[in-house]
Amino acid sequence: MSQFTLNLLVIGASFALYIGIAIWARAGSTAEFYAANRGVSPVMNGMATAADWMSAASFISMAGLIAFTGYDNSTYLMGWTGGYVLLALLLAPYLRKFGKFTVPEFIGDRFYSTTARIIAVVCLLVVSITYVIGQMTGVGVTFSRYLEVSNATGLWIGAALVFCYAVLGGMKGITYTQVAQYIVLIIAYTIPAVFIAMQLTGHVLPQTGLFGTLNEGGGKFLATLDQVVTDLGFKSYTGHHNSTLDMVLFTLALMIGTAGLPHVIIRFFTVPKVSDARSSAGWALVFIALLYTVAPAVGSMARFNLTATMWPGAQSGQTFSEPAVSLDAIETSPELAWMRNWQTTGLLNWEDKNGDGMIQYYNDAAEPGETLAGVIAEQGLVGNELPTVNNDIMVLANPEIANLPGWVIAIVAAGGLAAALSTAAGLLLAISGAVSHDLIKGAINPNISEKNELLAARISMGVSILVATLLGLNPPGFAAQTVALAFGLAASSIFPVLMMGIFSTRINKQGAIAGMLAGIVSTILYIFTYKGWFFIADTNMLPDTPAHWFMGISPASFGTIGALINFAVAYLVSNATEEPPEHIRDLVESIRVPRGAVGPTAGH
Amino acid sequence: MAVEGRGSGYWRANLRVIWLCLIVWALVSYGFGIVLRPLISGIKVGGTDLGFWFAQQGSILVFIVLIFWYAKRMNQIDRKHGVEE
């Protein structure tokens with residue numbers, strides 16, 4: 001059976017499963033459409049949250065981000081998991097007790113202000129739309145790579161599938177498809193990782209293999225990796241090279257940004273009890289950790305394998321003990337067929353610059369060390385001969401690099417699609433809920449009947465999918481800035497205002513509005529200063545380099561500062577204006593205790 | 001049901017547990033994983049040092065334990081103050 005047929009079968013089977021679930025889990029009421037009728041068990045919700053959370057970026061890109069930077073990018077691992085501690089302790093149980101359907105609804109009620117609610121809707125839309133474009137492009141890329149269709153065709157197929165289960169089933173349909181998608185994506189991520197960890201270190205668990213000993217050469221894996229990459233002029237893998245302050249601020253921005261992402265928060269509205277919201281965050285993190293503790297092993301081992309492919313001596317830690325890989329081997333050897341496959345995608349490329357028939361991979365951008373300088377002089381090197389190695393290759397090409405059977409490759413393709421589709425569906429639900437529940441029912445037509453609101457929710461879901469697909473076909477400049485824009489805004493606006501709404505009875509309407517605006521404006525201005533106005537190239541006022549950053553704070557880390565500004569402004573303005581009315585203080589007191597939460601209603 | 005007013009014993013007990021968890025949360029990630037890494041670099045773990053382990057694996061495992069511990073502790077506190085569901 002050809003690889004194409006295998007891919008088609010596995011991906012087709014996974015899609016049939018998702019559609020089957022959609023038909024089984026149709027939504028009949030707004031409670032089902034927005035919150036799956038609050039009847040999802042904490043473990044199931046944890047699994048759905050993990051799929052909701054782990055996007056195309058987590059699945060495809062994160063291992064590569066860690067592979068080529070090493071320790072310094074541990075910020076992503078800690079940042080994208082530590083946020084769940086904040087969710088469990090500071091937000092999820094109280095918002096579940098509040099017992100409504102959307103994040104802006106809480107902000108509007110707690111701060112007794114439609115203006116506050118509308119500002120929250122605008123933040124939610126910017127955050128979620130930025131995020132969803134990345135998912136849609138991920139769907140298009142995966143389809144075109146594995147099913148030999150054009151990018152656009154792939155995108156429309158993905159959109160049609162999401163339309164089926166999101167419009168029909170709302171939160172209920174999305175929840176159960178996300179559970180299925182989690183299972184597909186975690187299997188797809190784990191199988192190649194286990195094979196590679198066994199090949200390199202003899203460990204079945206990639207998590208212990210990372211700290212294990214190499215089968216060949218007998219050195220510790222990480223120590224050997226450090227040796228090999230520094231031999232080639234790259235920064236050491238385990239060393240700390242970036243600014244400590246920026247690492248701390250970036251990690252914190254990712255953590256509070258994660259806790260403030262509306263599509264993650266609304267997942268906790270689906271569990272039956274307040275105490276379930278607490279434990280469900282723990283289950284979510286267990287399922288997320290299954291991927292996040294494997295990712296650093298995948299990244300470092302893929303980097304090692306790639307380096308040892310280019311310099312066979314590196315396999316035993318003696319980088320220059322054997323000559324570099326020959327051009328002839330790359331172009332003809334069956335074992336290196338993956339290099340030729342990936343060259344056609346443009347994600348990998350080589351060039352024999354000095355014409356010696358060998359491809360020497362090294363870092364030509366840094367001052368070479370003594371040994372490397374010797375090799376450069378001896379072999380007459382004029383530059384790095386593997387100039388293009390895309391981060392994403394580390395996960396996508398992994399099964400081929402390790403010579404795994406064809407069905408593993410097909411499962412990885414289905415896993416990448418599951419990761420992108422599950423996150424897209426969660427985001428689209430957050431977007432359509434904000435439109436139908438916060439804008440239409442909350443502001444435009446409060447007397448709308450439940451039946452019509454459900455219809456409005458379905459129509460806004462359909463329109464959201466259409467808009468996301470069109471934006472995915474022609475990604476605007478801001479689509480590449482998910483980390484800075486989505487996490488920065490969630491961190492500087494949504495997280496602080498939710499936290500203050502729960503933990504303070506003194507913050508009032510004026511304080512919340514002023515705080516949110518101050519957080520958003522300061523963060524956006526800082527990002528635009530370095531990334532260009534509205535991300536238009538060449539309109540940045542300062543170069544986007546550490547030397548020009550204010551106190552060395554990168555634009556992606558500024559969400560933390562924006563959050564501090566939000567807290568400070570809200571505190572000062574609230575204290576200068578009148579106290580919130582009595583019924584608001586009662587509301588805060590009531591969300592602080594679990595008793596009396598709205599439970600699941602009788603099923604339809 | 002007992003009225004639990006502001007500054008009530010229940011809320012104070014909750015805040016104490018939250019503070020305790022957040023101290024551990026910050027210590028394993030920002031502390032051992034980043035800022036304090038040079039101080040504990042003498043402790044070797046599998047070809048690197050303890051700080052690297054905390055940054056890439058240990059902090060995540062501690063986070064999981066923290067959330068389940070918090071959930072369990074809060075269930076006890078809910079029952080003790082008679083505000084459980």
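Observations, loosely collected:
- Which numbered condition residue A:99 misses (of (1) of a type outside the set (Lys, Arg); (2) on the phi < 0 side of the Ramachandran plot; (3) over 17 Å from the mean Cα position of the chain (by Cα)): (2)
- Verdict on residue A:459 being in the same structural domain as residue A:10 (by TED's automatic domain parsing) and touching an Asp or Glu at 6+ places or on another chain (Cβ under 8 Å): no
- Filtered residue count, the stretch A:411-454, keeping only those that are under 16 Å from the mean Cα position of the chain (by Cα) and either hydroxyl-bearing (Ser, Thr, Tyr) or surrounded by fewer than 24 Cβ atoms within 10 Å (Cβ to Cβ) (or both): 2
- Any hit, the stretch A:234-242, residues being under 18 Å from residue A:86 (Cβ atoms) and more than 12 Å from every other protein chain (Cβ to nearest Cβ): no
- Qualifying positions in the stretch A:245-263 - among the β-branched types (Val, Ile, Thr) and open to solvent by less than 10 Å² (accessible area, probe 1.4 Å): A:251, A:258
- Filter result (surrounded by fewer than 24 Cβ atoms within 10 Å (Cβ to Cβ) and at the interface with chain B (Cβ under 7 Å from one of its Cβ atoms)) within the stretch A:267-284: A:273, A:275
- The number of residues in the stretch B:50-66 being without any contact (Cβ under 8 Å) to a residue 40 or more places away in the chain and farther than 16 Å from residue A:237 by Cα comes to 8.
Results for (1) more than 14 Å from chain B (Cβ to nearest Cβ); (2) of a type outside the set (S, T, N, Q), shown as yes or no for each residue.
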position	(1), (2)
A:57	yes, yes
A:64	yes, yes
A:83	no, yes
A:101	yes, yes
A:106	yes, yes
A:112	yes, yes
A:123	yes, yes
A:128	yes, no
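- Any hit, the stretch A:194-201, residues being open to solvent by less than 10 Å² (accessible area, probe 1.4 Å), within 30 Å of residue A:18 (Cα to Cα) and either without any contact (Cβ under 8 Å) to a residue 40 or more places away in the chain or within 14 Å of another protein chain (Cβ to nearest Cβ) (or both): no
- Only a single criterion out of (1) in a loop (DSSP other than H, G, I, E, B); (2) closer than 28 Å to residue A:425 by Cβ is not satisfied by residue A:193, namely (1).
- Across the stretch A:457-475, the qualifying residues are those that are of a type outside the set (Gly, Ala, Ser) and within 11 Å of residue A:137 (Cβ to Cβ), and the one among them that is most open to solvent (accessible area, probe 1.4 Å) is A:474.
- Those residues of the stretch A:210-233 which are within 10 Å of chain B (Cβ to nearest Cβ) and part of a loop (DSSP other than H, G, I, E, B), in sequence order: A:210, A:211, A:212, A:214, A:219
- Residues satisfying the stated conditions in the stretch A:285-319, i.e. at the interface with another protein chain (Cβ under 9 Å from one of its Cβ atoms) and farther than 25 Å from residue A:200 by Cβ: A:285, A:286
The values are calculated or read from the model by the stated rules, or taken from the named source; none is laboratory data. Keep in mind that what you see is a predicted model, and the values were worked out from it rather than measured. Because the Cβ atoms are built from the backbone with ideal geometry, glycine has one as well, and the counts that use them run over all protein chains shown. Just the protein is used for accessible areas: all its heavy atoms, side chains included, with ligands, DNA and RNA removed. Shrake-Rupley method; radii C 1.70, N 1.55, O 1.52, S 1.80 Å.
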